[in-house]
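See below for the structure under consideration.
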Amino acid sequence: MTRARLLHIDASPRAERSRSRAVADTFLEAMAERGDAPHVERLDVWTAKLPNLGGGMIEGRYNLIAGEPVPPQLAAAWADVRQHVDYFLSFDAFLITTPMWNFGLPYSLKHFIDVVTQPGMAFSNDREGNVTGRAAGKKAMVIAASAMPIVPGGELEHFDFQLRYLESWLGFIGVTDIHTLRVAPTYGPDKTVSRAMDLANKRARAMAVNF
Ligand SMILES: Cc1cc2nc3c(=O)[nH]c(=O)nc-3n(C[C@H](O)[C@H](O)[C@H](O)COP(=O)(O)O)c2cc1C
């Protein structure tokens with residue numbers, strides 16, 4: 001049997017100080033203890049060379065949406081985009097770790113999502129607007145840190161444009177097997193933060209068993 005491949009998409013620029021990365025390490029260590037642990041590659045969205053979608057470049061997307069090839073002058077730029085999508089879709093599973101920034105995602109992670117979510121690549125569409133995700137059958141684990149206790153069912157739940165966004169995006173590209181873990185609050189009295197970290201690490205270890 002071939003070994004499954006997992007892409008760790010890391011969106012915290014804080015390296016070893018990152019709370020989401022610390023919980024991801026726990027998750028990956030617990031997975032490594034399994035006999036069938038996947039091969040893991042890490043993508044740091046802050047250092048990855050992601051294509052610039054500005055200028056006239058994005059017009060190619062409108063060609064692709066209409067089912068047309070991109071114009072010759074944009075072909076090289078779109079071949080680069082395709083390489084990023086192909087690399088992303090070559091994995092069986094995704095581990096996304098991210099801080100909350102201003103209630104949503106850090107812009108580097110949004111940049112990555114904007115690069116890989118392309119028509120005819122990560123999803124198919126028809127002229128009636130029906131969409132089929134091409135990442136169907138893959139699974140995802142999302143570890144999301146926030147300073148405030150923005151948790152499901154909590155008083156601040158309406159501020160969540162981070163986990164809810166990622167769940168919506170993964171669903172759009174066809175991923176249905178989505179697991180989420182909130183690391184919060186990461187700001188406050190030491191005791192409160194260490195309790196949140198202990199709980200998140202404990203949950204990460206448990207979730208790694210069946211992921
Ligand atoms: C630019 C910026 C914006 C932030 N915005 C929010 C926010 O809207 N809500 C929140 O709860 N925490 C916010 N935070 C705090 C981070 O989400 C928190 O420190 C988290 O633990 C960072 O995760 P990391 O340690 O994995 O990088 C923000 C931090 C930064 C640097």
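Rule-based calculations on the coordinates, nothing more; no lab input. Since the model is a prediction, treat every value here as computed from it, not as a measurement. Every residue, glycine among them, receives a Cβ derived from its backbone with ideal geometry; neighbour counts consider all protein chains shown.
Quick notes
- Taking Cβ atoms as reference points and 15 Å as the exclusive limit, the residues near Gly55 contribute a net charge of -2, counting Lys and Arg as +1 and Asp and Glu as -1.
- Most simply put, the chain has about 15% antiparallel DSSP beta bridges, counting only bridges with both residues inside it.
- Note on Thr47 and Phe172: the model spin-label points, each 7 Å out from Cα along the C-beta direction, lie 2.9 nm apart.
- Taking a Cβ cut-off of under 14 Å around Leu105, the surrounding Lys, Arg, Asp and Glu residues balance to a net charge of -2, with basic ones at +1 and acidic ones at -1.
- With the charge dipole of the chain set up from +1 on Lys and Arg Cβ and -1 on Asp and Glu Cβ about the Cα centre, the Cα lying farthest toward the positive end among the listed residues Ile150, Thr97, Val193 is that of Val193.
- Across the chain, the relative contact order, built from alpha-carbon pairs under 8 Å that are at least six residues apart, equals 25 percent.
- Scattering from the stretch 109-153 was approximated by placing one identical point on each alpha carbon and applying the Debye formula without solvent; log10 I(q)/I(0) at 0.17 1/Å stands at -0.72.
- Cα centre as origin, Lys/Arg/Asp/Glu Cβ charges: the stretch 5-210 dipole, Debye: 400
- Mean projection area, nm², convex hull over Cα of the stretch 28-159: 10.9
- Relative packing of peptides 7-16, 189-198, 56-65 - highest average C-beta neighbours within 10 Å first: 7-16, 56-65, 189-198
- Proximal lysine pairs, the stretch 5-210, alpha carbons under 28 Å, eight or more residues apart or interchain: 8
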